[in-house]
Amino acid sequence: MITVTDVSLRYGDRKLFEDVNIKFTPGNCYGLIGANGAGKSTFLKILSGEIEAQTGSVHLGPGERLAVLKQNHFEYEEEEVLKVVIMGHTRLYEVMQEKDAIYMKADFTDEDGIKAAELEGEFAELNGWEAESEAAILLKGLGIEEELHTKKMADLTGSEKVKVLLAQALFGKPDVLLLDEPTNHLDIKAIQWLEEFLINFENTVIVVSHDRHFLNKVCTHIADLDFGKIQIYVGNYDFWYESSQLALRMAQDQNKKKEEKIKELQAFIARFSANASKSKQATSRKKLLDKIQLDDIRPSSRKYPYVGFTPEREIGNDLLRVEGISKTIDGVKVLDNISFIMNKDDKIALVGTNELAKTTLFKILMGEMEPDSGSFKWGVTTSQAYFPKDNSQYFENSDLTLVDWLRQFSPNDQSESFLRGFLGRMLFSGEEVLKKASVLSGGEKVRCMLSKMMLSGANVLLLDEPTNHLDLESITALNNGLINYKGSMIFSSHDHQFIQTIANRIIELTPSGMVDKQVTYDEYLEDEQLQKQIAAMYN
């Protein structure tokens, strides 16, 4: 258990937290959510002791241990991988070091023998004899194979280092586990393994993540950071979002009888409870949901941008034909004989481990790069709008205000009041529309690029990682906007829920070509897992 009492923190005139009082209890996983800049990562640092609050205190239960996912991927460059994982349990690692130092002494005394015996006892109590095997199991589960366990951290790739630091945080069954964006740089298999680990973890977890599917899978509660306060809600992210929207509708309809509101709430809870899987985490969450009362859910103060794409022209049946496209970059073949026909109503998700391959295909289809061989042709009824992964060229050295920046892409030279209204729906209000485009944050640039695409009226969208830099509110708004889009699209994303709820066709780019399936993302993953199991049976 970790208890927060009267915690406050200010930076100058800016209030991050004020008089926060909260208990995080064992057996629960709390998803800490809040708008970008609300202070989620800062709050985790206060919990871990890395930052000291100006008022209040944070207390762990007696004898409890807290573990944190470290963010400095270069902290242990000269250390052995397996050793780095064991370092996650500070006291166990200290005991191991002290023991080794004593046994290495040339003049071993009786006092050394007594001290060594004490250390051996503590080592056994801390489950030290199982330390290396537990560390190895964690590493293997996250995809770090045994041949890397004795390597130095400097020999690993960036994504491998992330996995080692995650294994370090999970090591030794900490009483409280703090995870800041743990799914960043993880592949699908590692994320699935982590989900199962946390579902079965019996102690306290507090996690910050922009991955809604991950939050939905592992969280029993949502800790909502808003206006300097933290409010705890039962359920996962989807339940929090839907319940906050339900509460907002109820608040707006003051004439609705309380009995009708209670029936609406009961139906809502029953729907979410019925969807719970048989996993331990979901079963626990279902019991909590069943206890919710009308007064337990409140409208959220969150503001969601409006994202809506409206094609100006009806799309024909002849959209896009790609024939035999190949491309080599820096001596590496990233696209190998890619061929497919895009059909009306297709919402294609590009997947695969090679990020460069997906971005290269987008650039070729938009005419920004030439293929080495092969060709493509867009249908005469199509118009395309493109969201590039790197949007810096649109904002570099731009002294234009947001209104003037957006006017460049307005096909009908819309009035300033129209453009201001358009930007307002994307959460740029009042004087914010007069900001220079060159000083925008990553998330603000993405919202501007989406505004540009919405103004285009295109009937085919190409989006390369559009959820990067967005907060949960903007991701949810974009997700809903693309679900409702009446045109066709090709997109890439690392957001599981984003792909699952939008795509009706999956194209996987592999080193030897492509796999093309008319399925949902979950069906694609299930089929891939089945194929691997069948292959393993015959190997």
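Tally time: how many residues in the range 139-160 are open to solvent by 10 Å² or more (accessible area, probe 1.4 Å) and either in a loop (DSSP other than H, G, I, E, B) or not small (Gly, Ala, Ser) (or both)?
Taking the range 139-160 and keeping what is open to solvent by 10 Å² or more (accessible area, probe 1.4 Å), we get 140-141, 143, 145-152, 154-160.
From what's left, either in a loop (DSSP other than H, G, I, E, B) or not small (Gly, Ala, Ser) (or both): 140, 143, 145-152, 155-157, 160.
Final tally of qualifying residues: 14.
Only one residue in Arg285, Arg212, Arg271, Arg298 is buried (at least 22 other Cβ atoms within 10 Å of the Cβ), at pLDDT below 75 and out of contact with any Leu (no Cβ under 6 Å at 6 or more places or on another chain), so which one is that? Write out each step before concluding.
Working: Arg212 fails: at pLDDT below 75; Arg271 fails: buried (at least 22 other Cβ atoms within 10 Å of the Cβ); Arg298 fails: buried (at least 22 other Cβ atoms within 10 Å of the Cβ).
Unique residue meeting the criteria: Arg285.
Among the residues that make up the range 23-40, is at least one of them within 23 Å of Tyr233 (Cα to Cα), within 33 Å of the chain's Cα centre (by Cα) and assigned to a helix (DSSP H, G or I)?
First, pick out the residues of the range 23-40 that are within 23 Å of Tyr233 (Cα to Cα): 23-40.
Right, trim to within 33 Å of the chain's Cα centre (by Cα) and you get 23-40.
Now drop any that are not assigned to a helix (DSSP H, G or I), which leaves 40.
Yes, because at least one residue in the range 23-40 is within 23 Å of Tyr233 (Cα to Cα), within 33 Å of the chain's Cα centre (by Cα) and assigned to a helix (DSSP H, G or I).
If you take the residues of the range 459-504 that are of a type in the set (D, E, K, R) and buried (at least 23 other Cβ atoms within 10 Å of the Cβ), which of them is modelled with the highest pLDDT? Before you say what the answer is, go through the steps one by one.
First, pick out the residues of the range 459-504 that are of a type in the set (D, E, K, R): 464-465, 471, 473, 486, 495.
If we keep only those that are buried (at least 23 other Cβ atoms within 10 Å of the Cβ) too, we end up with 464, 495.
On the way: Asp464: 97, Asp495: 92.
Filtering first and then ranking leaves Asp464.
Any residue at all in the range 316-336 that is of a type in the set (S, T, N, Q), closer than 30 Å to Asn236 by Cα, out of contact with any strand residue (DSSP E or B) (no Cβ under 8 Å at 6 or more places or on another chain) and touching a residue at least 12 places away in the same chain (Cβ under 8 Å)? Before you say what the answer is, go through the steps one by one.
Here is the first cut: in the range 316-336, the ones of a type in the set (S, T, N, Q) are 317, 326, 328.
If we keep only those that are closer than 30 Å to Asn236 by Cα too, we end up with none.
No, there is no match, as no residue in the range 316-336 is of a type in the set (S, T, N, Q), closer than 30 Å to Asn236 by Cα, out of contact with any strand residue (DSSP E or B) (no Cβ under 8 Å at 6 or more places or on another chain) and touching a residue at least 12 places away in the same chain (Cβ under 8 Å).
Can you name the residue in the range 384-404 that is closer than 22 Å to Asn459 by Cβ and either assigned to a strand (DSSP E or B) or aliphatic (A, V, I, L, M) (or both) and is also most open to solvent (accessible area, probe 1.4 Å) among such residues?
Checking each candidate, the answer is Gln384.
When you go through (1) assigned to a loop (DSSP other than H, G, I, E, B); (2) within 22 Å of Ser383 (Cβ to Cβ) one by one for Leu470, which number turns out not to apply?
(2)
Just for the range 335-350: of the residues that are of a type in the set (Val, Ile, Thr) and crowded, with 20+ Cβ neighbours inside 10 Å, which one is farthest from Ile507 (Cα to Cα)?
As a first pass, look at the range 335-350 and keep what is of a type in the set (Val, Ile, Thr): 338, 341, 348.
Pick out the ones that are also crowded, with 20+ Cβ neighbours inside 10 Å and you get 338, 348.
Details: Ile338: 10, Ile348: 7 Å.
Only one residue fits best here, namely Ile338.
If only one of Ser57, Ser8, Ser48 is touching a residue at least 24 places away in the same chain (Cβ under 8 Å) and surrounded by fewer than 14 Cβ atoms within 10 Å (Cβ to Cβ), which one is it?
Numbers: Ser8 fails: surrounded by fewer than 14 Cβ atoms within 10 Å (Cβ to Cβ); Ser48 fails: surrounded by fewer than 14 Cβ atoms within 10 Å (Cβ to Cβ).
Going through Ser57, Ser8, Ser48 in turn, just one is touching a residue at least 24 places away in the same chain (Cβ under 8 Å) and surrounded by fewer than 14 Cβ atoms within 10 Å (Cβ to Cβ): Ser57.
Of the residues Thr353, Thr360, which is under 26 Å from the mean Cα position of the chain (by Cα) and surrounded by fewer than 19 Cβ atoms within 10 Å (Cβ to Cβ)?
Values: Thr360 fails: surrounded by fewer than 19 Cβ atoms within 10 Å (Cβ to Cβ).
The conditions single out Thr353.
Yes or no: Lys258 touching a Leu at 6+ places or on another chain (Cβ under 8 Å), over 11 Å from Cys29 (Cβ atoms) and either of a type in the set (D, E, K, R) or free of Cβ contacts under 8 Å to residues at least 12 places away in the same chain (or both)? If you could, list the steps in order and put the result at the bottom.
Numbers: touching a Leu at 6+ places or on another chain (Cβ under 8 Å): yes; over 11 Å from Cys29 (Cβ atoms): yes; either of a type in the set (D, E, K, R) or free of Cβ contacts under 8 Å to residues at least 12 places away in the same chain (or both): yes.
Against the criterion (touching a Leu at 6+ places or on another chain (Cβ under 8 Å), over 11 Å from Cys29 (Cβ atoms) and either of a type in the set (D, E, K, R) or free of Cβ contacts under 8 Å to residues at least 12 places away in the same chain (or both)), Lys258 qualifies.
Please list, ordered by first then second residue, the pairs with beta carbon atoms under 7 Å, 6 or more apart or interchain, first in the range 28-41 and closer than 18 Å to Ile475 by Cβ, second among the charged types (D, E, K, R) and part of a helix (DSSP H, G or I).
Once the first residue is closer than 18 Å to Ile475 by Cβ and sits in the range 28-41, its partners that are among the charged types (D, E, K, R) and part of a helix (DSSP H, G or I) give Leu32/Lys40; Gly34/Lys40; Ala35/Glu473.
If I ask for residues that are of a type outside the set (Gly, Ala, Ser), in contact with an Asp or Glu (Cβ under 9 Å, 6 or more places away or on another chain) and either part of a helix (DSSP H, G or I) or open to solvent by 20 Å² or more (accessible area, probe 1.4 Å) (or both), which ones from the range 164-183 would you list?
Within the range 164-183, Leu165, Lys173, Asp175, Glu181 meet the criteria.
Conditions tested, residue by residue: (1) without any contact (Cβ under 8 Å) to a residue 40 or more places away in the chain; (2) within 21 Å of Arg91 (Cβ to Cβ).
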site	(1), (2)
Asn127	no, yes
Met153	no, no
Val162	no, no
Leu170	no, yes
Lys173	yes, yes
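Please go through the range 46-60 and give me each residue that is outside any loop (DSSP other than H, G, I, E, B) and more than 12 Å from Ile22 (Cα to Cα), ordered by number. Walk me through how you get there before you give the answer.
Taking the range 46-60 first, the residues outside any loop (DSSP other than H, G, I, E, B) are 46-48, 55-60.
Scanning the range 46-60 gives Ile46, Ser48, Thr55, Leu60.
Taking the stated definitions as given, is Asp372 acidic (Asp, Glu), open to solvent by 30 Å² or more (accessible area, probe 1.4 Å) and modelled with pLDDT of 95 or more? I'd like the intermediate steps shown before the answer.
On the way: acidic (Asp, Glu): yes; open to solvent by 30 Å² or more (accessible area, probe 1.4 Å): yes; modelled with pLDDT of 95 or more: yes.
Considered against the rule, which asks whether it is acidic (Asp, Glu), open to solvent by 30 Å² or more (accessible area, probe 1.4 Å) and modelled with pLDDT of 95 or more, Asp372 comes out as yes.
Of the numbered conditions (1) modelled with pLDDT of 95 or more; (2) more than 15 Å from Ala385 (Cβ to Cβ); (3) not polar (S, T, N, Q), Arg425 fails exactly one; give the number of that condition.
(1)
Do we find that Ile191 is open to solvent by 10 Å² or more (accessible area, probe 1.4 Å), among the β-branched types (Val, Ile, Thr) and touching a Ser or Thr at 6+ places or on another chain (Cβ under 9 Å) in this structure? Give the derivation first.
Details: open to solvent by 10 Å² or more (accessible area, probe 1.4 Å): yes; among the β-branched types (Val, Ile, Thr): yes; touching a Ser or Thr at 6+ places or on another chain (Cβ under 9 Å): yes.
For Ile191, the condition - open to solvent by 10 Å² or more (accessible area, probe 1.4 Å), among the β-branched types (Val, Ile, Thr) and touching a Ser or Thr at 6+ places or on another chain (Cβ under 9 Å) - is met.
With respect to Phe498, is the statement that it is part of a strand (DSSP E or B) and either in contact (Cβ under 8 Å) with a residue 60 or more places away in the chain or under 22 Å from the mean Cα position of the chain (by Cα) (or both) true?
Judged against the criteria, Phe498 is not a match.
Only one of (1) touching an Asp or Glu at 6+ places or on another chain (Cβ under 6 Å); (2) under 20 Å from Lys389 (Cβ atoms); (3) not hydroxyl-bearing (Ser, Thr, Tyr) is not met by Arg505, so which one is it?
The failed condition is (2).
Being open to solvent by 10 Å² or more (accessible area, probe 1.4 Å), part of a helix (DSSP H, G or I) and either in contact (Cβ under 8 Å) with a residue 60 or more places away in the chain or among the hydrophobic types (A, V, I, L, M, F, W, C) (or both) is the requirement here; does Gly443 meet it? Full working, then the answer.
Working: open to solvent by 10 Å² or more (accessible area, probe 1.4 Å): yes; part of a helix (DSSP H, G or I): yes; either in contact (Cβ under 8 Å) with a residue 60 or more places away in the chain or among the hydrophobic types (A, V, I, L, M, F, W, C) (or both): yes.
The answer is yes for Gly443.
Being touching a residue at least 40 places away in the same chain (Cβ under 8 Å) and surrounded by fewer than 21 Cβ atoms within 10 Å (Cβ to Cβ) narrows it down to one residue among Leu525, Leu509; which is it? I'd like the intermediate steps shown before the answer.
Working: Leu509 fails: surrounded by fewer than 21 Cβ atoms within 10 Å (Cβ to Cβ).
The match here is Leu525.
Checking Glu202 against (1) of a type in the set (D, E, K, R); (2) modelled with pLDDT of 90 or more; (3) assigned to a helix (DSSP H, G or I), which test does it fail?
Among (1) of a type in the set (D, E, K, R); (2) modelled with pLDDT of 90 or more; (3) assigned to a helix (DSSP H, G or I), the lone unmet condition for Glu202 is (3).
The values are calculated or read from the model by the stated rules, or taken from the named source; none is laboratory data. Bear in mind that the values here come from a model prediction, so they are computed numbers and not experimental data. Neighbour counts run over all protein chains shown; Cβ positions are idealised from the backbone, glycine included. Ligands, DNA and RNA are stripped out before the accessible areas are found, and what is left, the full protein with its side chains, is counted by its heavy atoms. Shrake-Rupley method; radii C 1.70, N 1.55, O 1.52, S 1.80 Å.
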